[in-house]
Amino acid sequence: MTDEHADEVRKHLKLYIGVFVALIVLTVATVAVSKLALGVALAVSVALIIATLKVSLVGAYFMHLAWEKRAIYALLLVAGAFLFSMMGLLIWSLDAHLPGTVKAPIEATEKHHPSPEGH
Amino acid sequence: MDIPYIVHARPDTGVNNGKLGVWLFLASEVMLFGALFSTYVFLRVGASDWHTWHSEAGLSIPIGTTNTIVLITSSITMVMAWASLMMKEFGKFRLYFGLTIALALVFMLFKAIEYNAKFSHGHFPGTNNFLAIYYVLTGLHALHILGGIIVNSYLIGPGAKLWRTNAAQFTCRIEAAGLYWHFVDLVWIFLFPTLYLL
């Protein structure tokens, strides 16, 4: 915690306030967009894009990931890889093992159980 | 026995052990909340009456939006608290850190009002799958807020004595508490549109 560090932090104060204002604006935007009569797919996409943008701002500046060391990036890369694998497995399982779920609800597919193929 | 590298960076990782430890913990949290978000997707895609359940639950968008703004504000006060310590301004740290705890309490108050309204209308976790995942996700998140309040209250109370004896270590502790707090904010940023708006 040298004077050098203190000067560096002082320089970032305006940036932190800017990020805060951006986060508030994006929150209002999320609510405003949800009031529009968009289709489900578009509404979900827009909401997730705004949320990802907000999360990136918090991560990059408030959590200092924009200036972090390689060890932390490596750690997050591993966590991210497992997270996306898990999400990927979920989507794959919906597609491969529950073929009726996307087009029709589970209740509808349950009526066909038990099926010889195990679907 | 002194724990090594609690203030200065380890030469091999480039960060101090406390920070690495908090990031490891947060990486595990990514998986915990990620698994629950996957559960949400699975339940939603497979549900026949999701929109009916969602509208019957009657989640308050004004309360959800207010709580989002409250948490974002608590994140900036947390950053300012840490920055104040870096600039050796302990008085400002107390102000900003105190505000962070106060905002966390405001969040919990709104959450309690929301839960109370749901319970009084007979909306319990067992009512339907939407309410089940709503209570699990928001309940687990609220427990994280509570944990943050407890740790932060210690740090502004008895834990603050460390500032007088080892200011650098105290600043590292606040940085670690801040990382956790921003993560809790980050989870809510995804929870709010997912549960309230979509």
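Here is how the numbers come out for the structure above:
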| read-out | value |
| --- | --- |
| Qualifying residue in region B:126-138 (condition: surrounded by 14 or more Cβ atoms within 10 Å (Cβ to Cβ), in contact with a helix residue (DSSP H, G or I) (Cβ under 9 Å, 6 or more places away or on another chain) and in a loop (DSSP other than H, G, I, E, B)) | yes |
| Residue selected from region B:64-108 under the condition among the small types (G, A, S) and open to solvent by less than 10 Å² (accessible area, probe 1.4 Å), by the criterion farthest from B:I189 (Cα to Cα) | B:S84 |
| Enumeration of residues in region B:178-198 that are open to solvent by 10 Å² or more (accessible area, probe 1.4 Å), closer than 28 Å to B:Y5 by Cβ and in contact (Cβ under 8 Å) with a residue 24 or more places away in the chain | B:Y180, B:F183 |
| Enumeration of residues in region A:46-84 that are under 14 Å from B:F190 (Cβ atoms) and not hydrophobic (A, V, I, L, M, F, W, C) | A:T52, A:K54, A:S56, A:G59 |
| Among (1) within 12 Å of chain A (Cβ to nearest Cβ); (2) of a type in the set (V, I, T); (3) touching a residue at least 12 places away in the same chain (Cβ under 8 Å), the one test that B:I101 misses | (1) |
| Scope region B:87-113; condition in a helix (DSSP H, G or I) and not hydrophobic (A, V, I, L, M, F, W, C); matching residues | B:G91, B:K92, B:R94, B:Y96, B:G98, B:T100, B:K111 |
| Any hit, region B:16-28, residues being among the hydroxyl-bearing types (S, T, Y), within 16 Å of A:V78 (Cα to Cα) and open to solvent by 40 Å² or more (accessible area, probe 1.4 Å) | yes |
| Residue among A:V40, A:V19, A:V25 that alone is at pLDDT 95 or above and open to solvent by 80 Å² or more (accessible area, probe 1.4 Å) | A:V25 |
| Single residue of region B:141-171 satisfying the filter (of a type outside the set (S, T, N, Q) and facing chain A (nearest Cβ under 9 Å)) that is farthest from B:L26 (Cα to Cα) | B:A167 |
| Count of region B:11-63 residues which are facing chain A (nearest Cβ under 7 Å), part of a helix (DSSP H, G or I) and not small (G, A, S) | 9 |
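Yes/no per residue for (1) surrounded by 14 or more Cβ atoms within 10 Å (Cβ to Cβ); (2) among the aliphatic types (A, V, I, L, M); (3) free of Cβ contacts under 8 Å to residues at least 24 places away in the same chain; (4) at the interface with chain B (Cβ under 8 Å from one of its Cβ atoms):
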| position | (1), (2), (3), (4) |
| --- | --- |
| A:V31 | yes, yes, yes, yes |
| A:L48 | yes, yes, yes, yes |
| A:V58 | yes, yes, no, yes |
| A:A74 | no, yes, yes, no |
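The values are calculated or read from the model by the stated rules, or taken from the named source; none is laboratory data. None of the values given here were measured: they were computed from a predicted structure. Positions of Cβ are generated from backbone atoms using ideal geometry, with glycine treated the same way; all protein chains shown enter the neighbour counts. With ligands, DNA and RNA removed, areas are computed over all heavy atoms of the protein, side chains included. Shrake-Rupley method; radii C 1.70, N 1.55, O 1.52, S 1.80 Å.
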